[in-house]
Each structure stands twice: as structure tokens, then as C-alpha cells.
Amino acid sequence: MASGDAAAVRVVGGWASPFVMRVCVALRLKGVAYEFLQEEPGKKSALLLASNPVHKQIPVLLHGGRPVCESLVILQYVDEAFSGAATPRILPADPYDRAVHRFWADYADAKLPTALRTLRGMIDGDKAEAAEQVAAALAQLEEAFTACSKGQRFFAGDDIGFLDIVLGSYVGWFRAAERITAQAVLDETRTPRLAAWAARFCGHEAIRDVMPDAGRLVEFGEALRAALAANANAQRM
Ligand SMILES: N[C@@H](CCC(=O)N[C@@H](CS)C(=O)NCC(=O)O)C(=O)O
């Protein structure tokens, strides 16, 4: 599909980003072909800066050349823009369920990224405190899973949906943090239903090819830290 095409779908992203993974999963679920434009770690391309001038962050979805930014906004856009009868829904059909799923997605994004970055050593902070923050958030999300899934396999029911994609995008980084800290993050004792859900999520056909391997994520984190430090040193010179 040529990028000048009014229907062309392109994702400006990075393979290791949980926020980018969400967008790829949503497009895969919808059966939408897309071109993936890999950003160089620690750098920002002219295309990224031009298409997300406010936050300058990945992911950006380009649909017919028009940018959509912020992963949760993109998921909702993809759901609405590709909504044929044969395509699965991403957000629940019921307005109340939609509100509940959005609430927990916002909760996950408010509680998890900073604590995970601290555990990975990407930002300074108390690692034990960060581990407690993640554990407390996952305990809340375990309750949310029970309420939302109503005894089914996923938050959205018998197949994955919005909240599965949002929380599931962190699973690779949970596993990477487990390797780095040598401590359980998605703990089978504290949060058994979420641990089982994560295994089911990773085995889903829309996920298998885009779920990053924990070992590769650990290596990526180390390389990114080195690249960012080199950039900072170069700017000081
Ligand atoms: N709230 C944003 C977060 C996106 C985000 O944090 N992206 C990271 C990559 S994982 C990024 O672009 N970091 C580079 C930067 O902030 O300069 C979303 O949901 O899309």
C-alpha cells in the first residue's frame, strides 16, 4: 500500500514500546494491513516530530497521512474508523461497560509506567517502593478482572478487547522487570487470575507475533540507557 494512498495505515513506533504494541494489536484484530515505521531508539525522526509536535512520542498512527496520537485515543479511533460488521469490536458495546474499561485503562496507565521504569533502572527511584506500587495496582486490577470478565477468559469476555490490550501491552515489561529484579511482578500467589489471564493473552493469535521477548527487552533497556547517556554527554560538550 503506497503511503500517499488515502486509506494507507502507517504506525510510527518502536517494537519495544507497550504503547506502540497496543496499536499493532488493534490493527491486527481488525484485520487492517499497516506499514510499521521503526523509530531509532533514543532519537526522534522528522516524521515523528511533524506528526506529534505536542508530545513528540510514539506511537503515532497515520491514516491517509493524517496523524492520530496517544495510544488510548488511537485504539478508540481504530475501533471507530474500521467498524465493518465482520470486524470485532475493541471497546464494549454497552456504554457503562465502555466507561468501566476506560476507567481501568486510565488507572493502569497512571500507576504502571513510572513504577516499571524505576524497576528497570530507567529512572532513579526506590525500587522496593516501585515494586509495591506495581503489586498494589495489580491487586486492584485482579478485582477489576473478576468484575469485568464475569467468569470468562478475558476482561472483554470470550475474546480480547480494549482493557485486555491496554494491560496486556505491559506483560512483556513485567517479565523483563522480573528478570532485572529477580522478583515476581505478576505474582501467581498474589494475583492468580491475572497471572492466568496474562498467559492466555500472550497465546492469543493477534498477540504472539508482537509480544516482545523479555530477554530482548532487557537488552533493549540497557542499549537505550547507553544511547540516552551518550546523547546527554554529546549535548553537554
Ligand atoms: N501516553 C502516551 C505514552 C507514550 C510513550 O510514553 N511513548 C514513549 C515510548 S514507550 C516515548 O515516545 N518516549 C520518548 C519520549 O518521551 O521522549 C501514549 O499512551 O501513547
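Considering L37, L47, L75, which residue is within 12 Å of the ligand (Cβ to nearest atom), among the aliphatic types (A, V, I, L, M) and not in a loop (DSSP other than H, G, I, E, B)?
Values: L37 fails: within 12 Å of the ligand (Cβ to nearest atom); L47 fails: within 12 Å of the ligand (Cβ to nearest atom).
Selected residue: L75, the only one of L37, L47, L75 that is within 12 Å of the ligand (Cβ to nearest atom), among the aliphatic types (A, V, I, L, M) and not in a loop (DSSP other than H, G, I, E, B).
Have a look at R200, R190, R208 and point out the one that is free of Cβ contacts under 8 Å to residues at least 24 places away in the same chain, among the charged types (D, E, K, R) and either surrounded by fewer than 22 Cβ atoms within 10 Å (Cβ to Cβ) or closer than 17 Å to F19 by Cβ (or both). Let's see the steps before the verdict.
Working: R200 fails: free of Cβ contacts under 8 Å to residues at least 24 places away in the same chain; R190 fails: free of Cβ contacts under 8 Å to residues at least 24 places away in the same chain.
Step by step, each of R200, R190, R208 is checked, and only R208 is free of Cβ contacts under 8 Å to residues at least 24 places away in the same chain, among the charged types (D, E, K, R) and either surrounded by fewer than 22 Cβ atoms within 10 Å (Cβ to Cβ) or closer than 17 Å to F19 by Cβ (or both).
Listed residues V20, V12, V54; which is within 14 Å of the ligand (Cβ to nearest atom) and in a loop (DSSP other than H, G, I, E, B)?
Details: V20 fails: in a loop (DSSP other than H, G, I, E, B); V12 fails: in a loop (DSSP other than H, G, I, E, B).
None of the others qualify; the one that does is V54.
Which of (1) farther than 25 Å from A7 by Cα; (2) aliphatic (A, V, I, L, M); (3) within 16 Å of the ligand (Cβ to nearest atom) is the odd one out, the single condition A131 does not satisfy?
(3)
So that you can scan it fast, the table gives a plain yes or no per residue for (1) exposed (fewer than 15 other Cβ atoms within 10 Å of the Cβ); (2) more than 18 Å from G168 (Cα to Cα); (3) among the hydroxyl-bearing types (S, T, Y):
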site: I90; (1), (2), (3): no, no, no
site: D94; (1), (2), (3): yes, yes, no
site: D97; (1), (2), (3): no, yes, no
site: R102; (1), (2), (3): no, no, no
site: Y107; (1), (2), (3): no, no, yes
site: K111; (1), (2), (3): no, no, no
site: A115; (1), (2), (3): no, no, no
site: D124; (1), (2), (3): yes, yes, no
site: A128; (1), (2), (3): yes, yes, no
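The numbers here are math on the coordinates, done by the rules we state, and not lab data. No experiment lies behind these values; they were computed from the predicted model shown. Using ideal geometry, Cβ is built from the backbone for each residue, glycine included, and neighbour counts are taken over all protein chains shown.
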